[in-house]
1. Among the residues in the stretch 88-96, are any small (Gly, Ala, Ser) and in contact (Cβ under 8 Å) with a residue 60 or more places away in the chain?
2. For the stretch 35-139, which strands (runs of 3 or more DSSP E) that fit wholly inside it have 3 or more residues that are polar (S, T, N, Q), surrounded by 12 or more Cβ atoms within 10 Å (Cβ to Cβ) and at pLDDT 95 or above?
3. Looking at the stretch 14-34, which of the residues that are surrounded by 10 or more Cβ atoms within 10 Å (Cβ to Cβ) and farther than 24 Å from Pro58 by Cβ is modelled with the lowest pLDDT?
4. Among the residues of the stretch 102-121, which ones are free of Cβ contacts under 8 Å to residues at least 60 places away in the same chain and within 24 Å of Arg139 (Cα to Cα)?
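The values are calculated or read from the model by the stated rules, or taken from the named source; none is laboratory data. Since the structure is predicted, the reported quantities are computational estimates derived from the model, not experimental observations. Ideal geometry is used to build each Cβ from the backbone, glycine not excepted, and the neighbour counts take in all protein chains shown.
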Amino acid sequence: MNKAAIAFFAMGAAIAAMPAQAAQPVTGRWATVEGKAIVQIAPCGREICGRIEKIVKPTPGRPQTDIKNPDPALQSKPLVGLALLTGFKEDGSIWKGTIYDPESGKSYASKLSRNANGTLKVQGCIAFFCKTQIWTPVR
């Protein structure tokens with residue numbers, strides 16, 4: 001075998017032996033898109049969850065309850081305290097779980113990851129199609 005092939009295989013073996021990159025922490029307080037709400041992300045048991053802590057910019061004319069929830073018994077539940085992010089677990093360099101959209105009353109598979117600039121990339125997905133939002137940290 002020539003030196004180039006040996007170097008190539010040695011490099012491949014070294015990369016394969018490297019530990020997987022751990023997901024960056026996502027806990028903390030985050031302002032959603034356009035600063036509409038503040039979401040507190042924190043551990044809940046062995047998982048990570050996120051609840052609405054505060055509505056900063058209410059939608060005019062919309063009650064501050066979960067009126068779009070498909071379960072009529074939950075439609076009068078206040079938006080403050082509502083679980084938006086549930087069941088998040090570390091999966092390599094990202095966090096995977098479920099996100100609930102109170103604007104539509106639907107839940108989606110979701111991914112969370114930290115960007116280099118400190119913001120949070122939040123994705124809601126149906127199959128391979130994802131909608132991405134960028135949330136900013138709140139001090």
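1. yes
2. Values: elements: 37-44, 47-55, 83-91, 94-101, 106-114, 120-126, 129-137.
Strands (runs of 3 or more DSSP E) meeting the threshold: 106-114.
3. Our first condition is that a residue be surrounded by 10 or more Cβ atoms within 10 Å (Cβ to Cβ); within the stretch 14-34, this holds for 23-33.
Still in the running and farther than 24 Å from Pro58 by Cβ: 23-27.
On the way: Ala23: 81, Gln24: 88, Pro25: 90, Val26: 95, Thr27: 96.
Ranking the qualifying residues of the stretch 14-34, first place goes to Ala23.
4. Taking the stretch 102-121 first, the residues free of Cβ contacts under 8 Å to residues at least 60 places away in the same chain are 102-111, 115-119, 121.
Answer for the stretch 102-121, where residues must be free of Cβ contacts under 8 Å to residues at least 60 places away in the same chain and within 24 Å of Arg139 (Cα to Cα): Lys111, Asn115, Ala116, Asn117, Gly118, Thr119, Lys121.
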